[in-house]
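K.L.:
Mind having a look at this structure? Questions to follow.
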Amino acid sequence: MDGYQGLTALIESAWEELNGSGGGRRDLCLDVVSDVLETGRLTPGDAERAVGHLVAVALSDEPYPVRESALHAVFTASTRYELPYRVLEPLALGADALEPVLLEYVLGVLHSTHDQAVLPVVERFLRHPAPEVRREAAEAVNEVRWSRETARGGGTAP
């Protein structure tokens, strides 16, 4: 088995463990997925598939530690891969149901797309009751607007 096959085998094993009926610390298997994503060695397609699966877990009725591990892995992926908004859109649609600390992950991931489509999503969290969520939303709005200005040939870093 070559190195790439080893990475994809680790991810497949993690999905099997997550979907298995065993108790245990199911959040730890998602840490393995996060570690693989952190290498930045997956193809964009494989990374997007992994992130799509993680997004589904994050929005599921899994216990908090499992959902947090899934979002941590998505956040990790967003630092190594250019994830398209279409892969992350379910997070945008389901964000209102998440706890404030999980919203911070979501807002960070959404702004990493630099896609203007995230602006209406992140702007609605500028009025969130949790100050840390409002702060993350403000940063996300600034980053996305800055990337728009940069793309137009103007603007300086936020």
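K.L.:
Would you check if VAL101 is loosely packed, with under 15 Cβ neighbours inside 10 Å and hydrophobic (A, V, I, L, M, F, W, C)?
P.N.:
For VAL101, the condition - loosely packed, with under 15 Cβ neighbours inside 10 Å and hydrophobic (A, V, I, L, M, F, W, C) - is met.
K.L.:
Something else now. Using beta carbons and a limit of 6 Å, which pairs, at least six apart or on different chains, have the first residue in segment 79-106 and among the small types (Gly, Ala, Ser) and the second one part of a loop (DSSP other than H, G, I, E, B)?
P.N.:
GLY94/LEU59
K.L.:
Of the conditions (1) modelled with pLDDT under 95; (2) open to solvent by less than 50 Å² (accessible area, probe 1.4 Å), ASN19 fails just one. Which one is it?
P.N.:
Of the numbered conditions (1) modelled with pLDDT under 95; (2) open to solvent by less than 50 Å² (accessible area, probe 1.4 Å), the odd one out for ASN19 is (2).
K.L.:
In segment 22-54, which residues are among the charged types (D, E, K, R) and either surrounded by fewer than 17 Cβ atoms within 10 Å (Cβ to Cβ) or in contact with a Gly (Cβ under 8 Å, 6 or more places away or on another chain) (or both)?
P.N.:
Residues of segment 22-54 that are among the charged types (D, E, K, R), as a first pass: 25-27, 31, 35, 38, 41, 46, 48-49.
Result: ARG25, ASP31, ASP35, GLU38, ARG41, ARG49.
K.L.:
Follow-up question, since we're still on this one. With respect to SER60, is the statement that it is of a type in the set (Ser, Thr, Tyr) and either surrounded by fewer than 18 Cβ atoms within 10 Å (Cβ to Cβ) or over 20 Å from LEU28 (Cβ atoms) (or both) true? Before the answer, list the steps.
P.N.:
Working: of a type in the set (Ser, Thr, Tyr): yes; either surrounded by fewer than 18 Cβ atoms within 10 Å (Cβ to Cβ) or over 20 Å from LEU28 (Cβ atoms) (or both): yes.
Spelling it out, SER60 is indeed of a type in the set (Ser, Thr, Tyr) and either surrounded by fewer than 18 Cβ atoms within 10 Å (Cβ to Cβ) or over 20 Å from LEU28 (Cβ atoms) (or both).
K.L.:
Just give me the residues in segment 64-90 being under 14 Å from LEU107 (Cα atoms), buried (at least 17 other Cβ atoms within 10 Å of the Cβ) and polar (S, T, N, Q), in sequence order.
P.N.:
Of everything in segment 64-90, those that are under 14 Å from LEU107 (Cα atoms), buried (at least 17 other Cβ atoms within 10 Å of the Cβ) and polar (S, T, N, Q) turn out to be THR76, SER78.
K.L.:
Further, regarding this structure: Would you mention how many residues in segment 123-158 are open to solvent by 60 Å² or more (accessible area, probe 1.4 Å), closer than 20 Å to LEU83 by Cβ and not charged (D, E, K, R)?
P.N.:
Residues that pass the stated criteria total 4.
K.L.:
Something else now. Take PRO120 and decide whether it is under 18 Å from LEU18 (Cβ atoms) and either surrounded by fewer than 17 Cβ atoms within 10 Å (Cβ to Cβ) or free of Cβ contacts under 8 Å to residues at least 12 places away in the same chain (or both).
P.N.:
So PRO120 does not fit the description; no.
K.L.:
Exactly one condition in (1) open to solvent by 60 Å² or more (accessible area, probe 1.4 Å); (2) assigned to a helix (DSSP H, G or I); (3) not polar (S, T, N, Q) is false for HIS114; which is it?
P.N.:
(2)
K.L.:
May I ask you to list the residues in segment 122-158 that are farther than 21 Å from LEU93 by Cβ, modelled with pLDDT of 95 or more and more than 20 Å from the chain's Cα centre (by Cα)?
P.N.:
Hit for segment 122-158 is PRO131, nothing else.
The values are calculated or read from the model by the stated rules, or taken from the named source; none is laboratory data. Please read all numbers here as calculations on a predicted model, not as lab measurements. Cβ sites come from the backbone with ideal geometry, for glycine too, and all protein chains shown count toward neighbours. Quick note on the areas: whole protein, heavy atoms, side chains included, nothing else; ligands and nucleic acids left out. Shrake-Rupley method; radii C 1.70, N 1.55, O 1.52, S 1.80 Å.
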